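Step one of this worksheet: look at the structure below.
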Amino acid sequence: DVKVTQSSRYLVKRTGEKVFLECVQDMDHENMFWYRQDPGLGLRLIYFSYDVKMKEKGDIPEGYSVSREKKERFSLILESASTNQTSMYLCASIRYSNTEAFFGQGTRLTVV
Amino acid sequence: DQQVKQNSPSLSVQEGRISILNCDYTNSMFDYFLWYKKYPAEGPTFLISISSIKDKNEDGRFTVFLNKSAKHLSLHIVPSQPGDSAVYFCAASPRRGGGADGLTFGKGTHLIIQP
């Protein structure tokens, strides 16, 4: 079974802090994604990576950056956390030749 | 501009009956369609998918129907069980692997199975 693991289930951070969300997948998938889920808005794509050190912006990249130094690991960085970044963050991976993405368990981030 | 629409925020169905969840899309470039199930405080779990070359795909109690001309797909769950109570997301992609567009998701439908 594909496993996508996010480092934290719950996080509480202060406004202005730099926040790192980590994601690791064990199936050698080429493509990895970061989404955020908010009530009434569904899942929105923040960033996408198709290879080590390669990234592309999604629909809502403002206030975020990403890092992919190893194929299995994709990190989301909130440079200076703000209260409007309070959300559920979901990491996903997918093989480039497939259609089905596998998700991690999610990180519920609260910025106070 | 919402490219994938789930117009019913919630749906209540009696246990044992059929649940039908609907999804509409506007982007004619979408070729792959997926349904995900999500429990609170967990990540989405893949349920079933269909490509645009098919009009039906079945997996156990779950069947997805695709009507390309109407840009509409639906998920049928028969029979509905209490464990099916969750939020269901419809997703679409123009290519394998998701690409820079990722999967485009609808806003979800909260399915409630009544005993």
Scanning segment A:44-103 for residues that are within 14 Å of chain B (Cβ to nearest Cβ), in contact (Cβ under 8 Å) with a residue 12 or more places away in the chain, assigned to a loop (DSSP other than H, G, I, E, B) and surrounded by fewer than 20 Cβ atoms within 10 Å (Cβ to Cβ) gives A:Asp59, A:Ile60, A:Pro61, A:Arg95, A:Tyr96
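Quick check, is B:Lys37 touching a Leu at 6+ places or on another chain (Cβ under 8 Å), among the charged types (D, E, K, R) and either in a strand (DSSP E or B) or over 20 Å from A:Pro39 (Cα atoms) (or both)?
In short, yes.
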Out of all the residues in segment B:59-66, is one or more loosely packed, with under 15 Cβ neighbours inside 10 Å, out of contact with any Gly (no Cβ under 8 Å at 6 or more places or on another chain) and in a strand (DSSP E or B)? yes
Conditions (1) surrounded by fewer than 17 Cβ atoms within 10 Å (Cβ to Cβ); (2) within 14 Å of chain A (Cβ to nearest Cβ); (3) not in a strand (DSSP E or B): number failed by B:His110: (3)
Selection status of B:Ser28, at pLDDT below 95 and away from chain A (no Cβ under 14 Å): yes
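One line per residue, one yes/no per condition, for (1) of a type outside the set (Lys, Arg); (2) touching a residue at least 60 places away in the same chain (Cβ under 8 Å); (3) under 23 Å from A:Arg108 (Cα atoms); (4) more than 9 Å from chain A (Cβ to nearest Cβ):
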site	(1), (2), (3), (4)
B:Ser19	yes, yes, no, yes
B:Lys38	no, yes, yes, no
B:Lys68	no, no, no, yes
B:Gly99	yes, no, no, no
For B:Phe89, the lone unmet condition from (1) within 11 Å of another protein chain (Cβ to nearest Cβ); (2) touching a Gly at 6+ places or on another chain (Cβ under 7 Å); (3) not in a strand (DSSP E or B) is (3)
Answer yes or no as to whether B:Lys54 is away from chain A (no Cβ under 11 Å), surrounded by fewer than 21 Cβ atoms within 10 Å (Cβ to Cβ) and at positive phi. no
Matching residues in segment A:1-37 (in a strand (DSSP E or B) and surrounded by 16 or more Cβ atoms within 10 Å (Cβ to Cβ)) number 17
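The values are calculated or read from the model by the stated rules, or taken from the named source; none is laboratory data. Since we're looking at a predicted model, the values are computed, not measured. Backbone-built Cβ (ideal geometry, glycine too); neighbour counts: all protein chains shown.
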